[in-house]
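Colleague: Just dropping this structure here.
Values quoted throughout were computed directly from the atomic coordinates according to the rules given, and no laboratory measurement underlies them. Small disclaimer: the values here were computed from a predicted structure and weren't measured. For neighbour counting, all protein chains shown are included, and Cβ atoms are generated from backbone atoms with ideal geometry for every residue, glycine included.
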Amino acid sequence: MRVLHVPFGYFPDPVAGTEQYVAGLAREQQALGIDPVVAAPAAADAEYAHEGVSVHRYAVSATLTLEELWAAGDPGAAHRFGAILDRVRPDVVHLHAYTSGVSLRCAVEARARGTPMVFTYHTPATCPRGTLLRWGRIPCDGLLLDHRCGACMMSAHGVPAPLARLIERPVRMAGRQLDQRHGGVWTGIRMPALVSQRNRAVMEFLGQAARIVVLADWSRQVLERNGVAAERITLVRHGLLEPIPRLPRRPAGPPLRIGYFGRVDPIKGVHLLVEAMRLEPAVQARLLIYGIQQAGRGIGYEAALRKRAGDDPRIEFYPAIDHARLGDALAEIDIVAVPSLVFESGPLIALEAFAAGVPVAGSDLGGIRELVRDGENGLLLDRSVAAWRHALHRLTRDGALLAYLREHIAAPRLMRDAAVEMSAIYDAIRA
């Protein structure tokens, strides 16, 4: 059986959790006798192999209309994706992204060839903001309502929330009459109408999938609220991508060593940790930030973090650590921090920490809430500086807490388990 996986991007480009997941799943599928192939958007067409897997990159268009960007997707990219389908001839197409380059048009290309499609909901793809945070702050139920989503996106473009609620409908109606105008204020005016188009397109995209895979229960709930039939949704939780050894730990005692491993991006909430440390100068703790640097806003965000950390010797910045050395780094850490401000479907670092016997302190939100049992194998915290300050005091003053949390960590499941479950899904939709 040949499966074509389609993530946001792929190696050797800078990648995030979805691409790491796809690479890990492909390795396990090869061991099960499945032939995985990857296709992913890129700046230019290319073909190569990565870790024994054939990779096909297809170019996205340099310019798109607002309707193409927000609704059906990039027609040129979809056409090139269709050509890959004709060359590869997969038995199953497995989409892991929803963007203008991995779009409704791409799903239609697979459907036109009679190839069954699976979609994995890695990120809040249904949400126009991509965060499931209403007004950028409040956890949302994920229900796609044009008036609410339109006002929320106007707020994202600088319109105060009370005003956005008031003017969303007339602006949406006016935006439909501005088909040829874009840029600057015109894009802002058209935003509610574009969001309405996107909401329809994403639901049509989901309708093309024979099965939708979710990695956490919160994702299932969002889809069901939007009318996706429960029998079309299957929960396949994350699995540990590669073994993490449980190495001898450093001797217990101060200072408390907190580790952050992941992307340096505002939505990841690293600033909460830095600010909490700065406001508690007497706390005997060290914060070690192993940051994955990606282009865009991450560069400026890291600079701001370093500036805020100032000359505090307890806050240390390191380059991203490769997997071969992750076990050694975790053996020196007392607790792993996952202060994400948005809904996560994993995160993978929590599984890696548990494999190494390290508890996790994370945001009481999304997939983190489903992995961490508060007070048993870690701590669940509000998304605030105050919550992290309290956690610092609790972890440094209660000498028995860390030992108790470590004792109650269970070994995480493996990506092999996820690959076996995914294989059963493929067999079912092909039948």
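Colleague: Which distance in nm do the two modelled labels at Glu231 and Ala112 give, with both placed 7 Å along the Cα-to-Cβ direction?
Modeller: Those two pseudo-labels are separated by 3.0 nm.
Colleague: Per 20 Å bin, what percent of the C-alpha pairs of the chain does each bin hold, from zero upward?
Modeller: P(r) over the chain, rounded to whole percents: 24, 55, 20, 0.
Colleague: Please give the FRET efficiency for Ala252 paired with Asp328, using the beta carbon to beta carbon distance and R0 = 22 Å, rounded to the nearest 0.05.
Modeller: Efficiency, rounded to the nearest 0.05: 0.75.
Colleague: Sequence gap at least 6, Cα distance under 8 Å: using those rules, report the relative contact order of the chain to the nearest whole percent.
Modeller: In percent, rounded to a whole number, it is 14.
Colleague: First obtain the Kirkwood hydrodynamic radius of the range 256-407 from its Cα pairs, then insert it into the Stokes-Einstein equation at 20 °C and 1.002 mPa s, and state the resulting D in µm² per second as a whole number.
Modeller: Diffusion coefficient, whole number: 140 µm²/s.
Colleague: Run the paramagnetic zone check for Ala428: 7 angstrom along Cα to Cβ, then residues of the range 110-133 with backbone nitrogen under 17 Å.
Modeller: 116-121
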